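The values are calculated or read from the model by the stated rules, or taken from the named source; none is laboratory data. All values reported here derive from a predicted model rather than from experimental measurement. No Cβ is skipped: glycine too gets one built from the backbone with ideal geometry, and neighbour counts run over all protein chains shown.
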Amino acid sequence: EHSVELRNVTKVFDDDTVAVDNVSFAIKPGEFFSLLGPSGCGKTTLLRMIAGFEKPSSGTVLLNGKDITDTPPYKRDVNMVFQSYALFPHMTVYNNIAYGLKMKHVPKPKIVEAVNDVLQKVKLTGLEKRRITQLSGGQQQRVALARALVNHPAVLLLDEPLGALDQKLREQMQIELVNLQEQVKITFVFVTHDQRESLTISDRIAVMNNGNVEQLGSPKEIYEFPATRFVADFIGTSNFLTGIYRGEENGLKRIVIPGAEVWVESPQEIETGEHVTVVIRPEKLSISKEPNDIELNSLQGVIEEIIYVGTDTRYFVRILANDMVLQVFAQNVLHTAKQRFTWFDQVYVSWDPGS
Ligand code: ADP
Ligand code: MG
């Protein structure tokens, strides 16, 4: 049985904006699932339809196998954490977290127990008497999480919950969220526009574009086998070579690109003569001053730009045969320590057909 399932869900707003366009997928119980995509692609709308704040124009939403499309939000076993936190600023941490349980007339000893338990899980023990206005942004974020978890929902929906935090704190909270989710064993549906964040925290990712899911898979699948050009471009950095497929030799596909040819190892079924796009990650490319005799793929070019970013050095190489620019990310310290390359150097860019 699936935790959350969407079947052909579409949302068209009154002004004819198609925010979500015939989306179907199923989330497993206890999964850390991300919706990833650029601003405006429909992530929040999708999340709000799972929560019940928004009704699909067509399609079905299921929770634990039951159709909840027409179930009001408060009757769904689902909670949501908002980017703005939406806490009561002048109430204490304790009262913010206990609020929902008090409304439901849960007996006081039960409330105390539940609040203390969740405070410990989000690492806020000792701060229960503080007011929200006396907390840092990161602590407020934890209160919002605690409040959403205190009644043990089946599913927790998180809409860019780390968006307001600075980078360092954000990376720390990503790890903590993963640990928290392992403890509470609740399905997390996490919305983000940050591709690195989603790769870090997710079991699986649905990559969205224009109201559609372009690819659904594990972080590794999505990074290493992007299904569409959009996914390859949005996740990480990619070089695109467009050309025509000219048949297979020794298990390698020959692709003729302007002024050159490249060899690709790919299981993809393509017809001779078809137009294709070859995608290569910058970290799979290497540069050398002499022709690389080992690699089948080697294009000559000139270094146009060198950017040192700490973890690697990024070279922009203009290929002589066709004037296109390839990005090469080199982690090898030799590149910087010995200053082997400099602007306007003539180099060869090479890569393995399997990349
Ligand atoms: P995301 O969360 O990915 O940034 P949203 O789900 O918020 O995207 O929005 C998807 C699209 O739907 C956008 O074009 C947005 O302008 C539009 N939209 C969102 N809410 C409404 C609304 N209440 N009325 C009309 N259009 C909306
Ligand atoms: Mg949004």
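Restricting attention to the stretch 12-27, which residues are near ligand 1 (Cβ under 8 Å from one of its atoms) and either closer than 24 Å to Ser202 by Cα or buried (at least 20 other Cβ atoms within 10 Å of the Cβ) (or both)?
Ala19, Val20
So which strands (runs of 3 or more DSSP E) are wholly in the stretch 155-253 and hold at least 1 residues that are modelled with pLDDT of 95 or more and within 16 Å of ligand 2 (Cβ to nearest atom)?
Once the strands (runs of 3 or more DSSP E) in the stretch 155-253 are filtered for at least 1 residues that are modelled with pLDDT of 95 or more and within 16 Å of ligand 2 (Cβ to nearest atom), what remains is 155-159, 187-192, 204-209, 212-217.
List every residue pair whose Cβ atoms sit under 7 Å apart, with the two residues 6 or more apart in sequence or on different chains, where the first one lies in the stretch 168-184 and is over 15 Å from Ser202 (Cβ atoms) and the second, anywhere, is assigned to a helix (DSSP H, G or I) and of a type outside the set (S, T, N, Q).
Leu169/Gly138; Gln183/Lys121; Val184/Lys121; Val184/Leu149
Return yes when Gly42 is within 16 Å of ligand 2 (Cβ to nearest atom) and in contact with a Phe, Trp or Tyr (Cβ under 8 Å, 6 or more places away or on another chain) and no when it is not. Break it down stepwise before answering.
Details: within 16 Å of ligand 2 (Cβ to nearest atom): yes; in contact with a Phe, Trp or Tyr (Cβ under 8 Å, 6 or more places away or on another chain): no.
Here the answer is no, as Gly42 does not meet what is asked.
Yes or no, residue by residue, for (1) more than 16 Å from ligand 1 (Cβ to nearest atom); (2) more than 30 Å from Phe234 (Cβ to Cβ); (3) in contact (Cβ under 8 Å) with a residue 24 or more places away in the chain:
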position: Pro29; (1), (2), (3): yes, no, yes
position: Leu36; (1), (2), (3): no, no, yes
position: Gly42; (1), (2), (3): no, no, yes
position: Val61; (1), (2), (3): no, no, yes
position: Gly65; (1), (2), (3): yes, yes, yes
position: Gly100; (1), (2), (3): yes, yes, yes
position: Gln120; (1), (2), (3): yes, yes, no
position: Ala144; (1), (2), (3): yes, no, yes
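Kindly indicate whether Arg7 is more than 22 Å from Leu199 (Cβ to Cβ), out of contact with any His (no Cβ under 6 Å at 6 or more places or on another chain) and away from ligand 1 (no atom under 13 Å from the Cβ).
Working: more than 22 Å from Leu199 (Cβ to Cβ): yes; out of contact with any His (no Cβ under 6 Å at 6 or more places or on another chain): yes; away from ligand 1 (no atom under 13 Å from the Cβ): yes.
Taking the combined requirement at face value, the residue satisfies it.
Take the residues in the stretch 2-32 that are away from ligand 2 (no atom under 16 Å from the Cβ) and among the aromatic types (Phe, Trp, Tyr); name whichever of them is nearest to Asn64 (Cα to Cα).
Phe25
Give me the pairs: first residue in the stretch 185-204 and charged (D, E, K, R), second residue within 16 Å of ligand 1 (Cβ to nearest atom) and assigned to a strand (DSSP E or B), beta-carbon distance under 6 Å, and six or more apart or on different chains, which are they?
Note: pairs meeting the criteria are Arg204/Phe33.
Just give me the residues in the stretch 286-320 being at negative phi, at pLDDT below 95 and part of a loop (DSSP other than H, G, I, E, B), in sequence order.
Across the stretch 286-320, the qualifying residues are Lys289, Glu290, Pro291, Asn292, Asp293, Ile294, Glu295, Leu296, Val309, Thr311, Asp312.
From the list Lys121, Lys110, Lys129, which residue is touching a Ser or Thr at 6+ places or on another chain (Cβ under 6 Å) and in the same structural domain as Ser202 (by TED's automatic domain parsing)?
Details: Lys121 fails: touching a Ser or Thr at 6+ places or on another chain (Cβ under 6 Å); Lys110 fails: touching a Ser or Thr at 6+ places or on another chain (Cβ under 6 Å).
Sole residue among the options that is touching a Ser or Thr at 6+ places or on another chain (Cβ under 6 Å) and in the same structural domain as Ser202 (by TED's automatic domain parsing): Lys129.
Here is a list: Ala51, Ala26, Ala19. Which entry is assigned by TED's automatic domain parsing to the domain that holds Glu214, small (Gly, Ala, Ser) and within 21 Å of Phe230 (Cα to Cα)? Can you show your working first?
On the way: Ala51 fails: within 21 Å of Phe230 (Cα to Cα); Ala26 fails: within 21 Å of Phe230 (Cα to Cα).
Answer to the check: Ala19.
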